Each structure stands twice: as C-alpha cells, then as structure tokens.
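Report on the structure given below.
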Amino acid sequence: MDLRLKRGDGLELIKSVVASEPGLKIIVLSQYCAPLHVQRALRAGVYGYVAKEHAADEILNAMRTVIKGQ
C-alpha cells in the first residue's frame, strides 16, 4: 500500500483496514522515506515500510520478513 492515494489518505485507510482486519499484515511501498512518514505508518499499524527506490529484492525481503512475523 502507498501513503498517497488518488482518493483519500493512505494512513487513514491503513487504520481502517487494521481495525476491520486485525490479522492483516500491511507493508507500505512509498516514495516518501522521511522518518516521520515511516513512524506514522508504523503507528497506524503497518508491519513494514519499503521505499520505492529500492530494488525488487528488497521488497521481496520485506514481504518474507513480515510473513515470518518479524
């Protein structure tokens, strides 16, 4: 999921999804890499945060890490 959406705020959507589906593990894939963005996403309930500039291997690594519960 990204933080910027055409319709609405990604953080608000994350909070809503986490509230309705508490077992769902969300990873943010975003162009915004500032610590403030990462902290807000983590507080909203995401399990991981990957910058879009990172290679596909990093994204896959994040997915595998979250699946393992880390």
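The values are calculated or read from the model by the stated rules, or taken from the named source; none is laboratory data. No experiment lies behind these values; they were computed from the predicted model shown. With ideal geometry, Cβ positions are generated from the backbone for all residues, glycine too; neighbour counts draw on all protein chains shown. The area values use the complete protein model at the heavy-atom level, side chains included, leaving out ligands, DNA and RNA. Shrake-Rupley method; radii C 1.70, N 1.55, O 1.52, S 1.80 Å.
Tabulated values for the structure
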item: Index of the failed condition, Val46 passing every other in (1) open to solvent by less than 60 Å² (accessible area, probe 1.4 Å); (2) part of a helix (DSSP H, G or I); result: (2)
item: Single unsatisfied condition, Leu36 versus (1) part of a helix (DSSP H, G or I); (2) surrounded by 15 or more Cβ atoms within 10 Å (Cβ to Cβ); (3) not polar (S, T, N, Q); result: (2)
item: Residue that is farthest from the chain's Cα centre (by Cα), among those in the range 34-50 that are of a type in the set (A, V, I, L, M, F, W, C) and closer than 19 Å to Leu13 by Cα; result: Leu36
item: Residue in the range 2-12 that is buried (at least 17 other Cβ atoms within 10 Å of the Cβ), part of a loop (DSSP other than H, G, I, E, B) and of a type outside the set (Ser, Thr, Tyr) present; result: yes
item: Checking Gly69 against (1) in a loop (DSSP other than H, G, I, E, B); (2) in contact with a Ser or Thr (Cβ under 8 Å, 6 or more places away or on another chain); (3) not basic (Lys, Arg), the condition it does not meet; result: (2)
item: Selection status of Ser30, polar (S, T, N, Q) and either in contact with a Cys (Cβ under 7 Å, 6 or more places away or on another chain) or surrounded by fewer than 14 Cβ atoms within 10 Å (Cβ to Cβ) (or both); result: no
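Residue by residue, here is whether (1) touching a residue at least 24 places away in the same chain (Cβ under 8 Å); (2) at positive phi holds:
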| site | (1), (2) |
| --- | --- |
| Gly8 | no, yes |
| Leu13 | no, no |
| Val38 | no, no |
| Glu53 | no, no |
| Ile59 | yes, no |
| Arg64 | no, no |
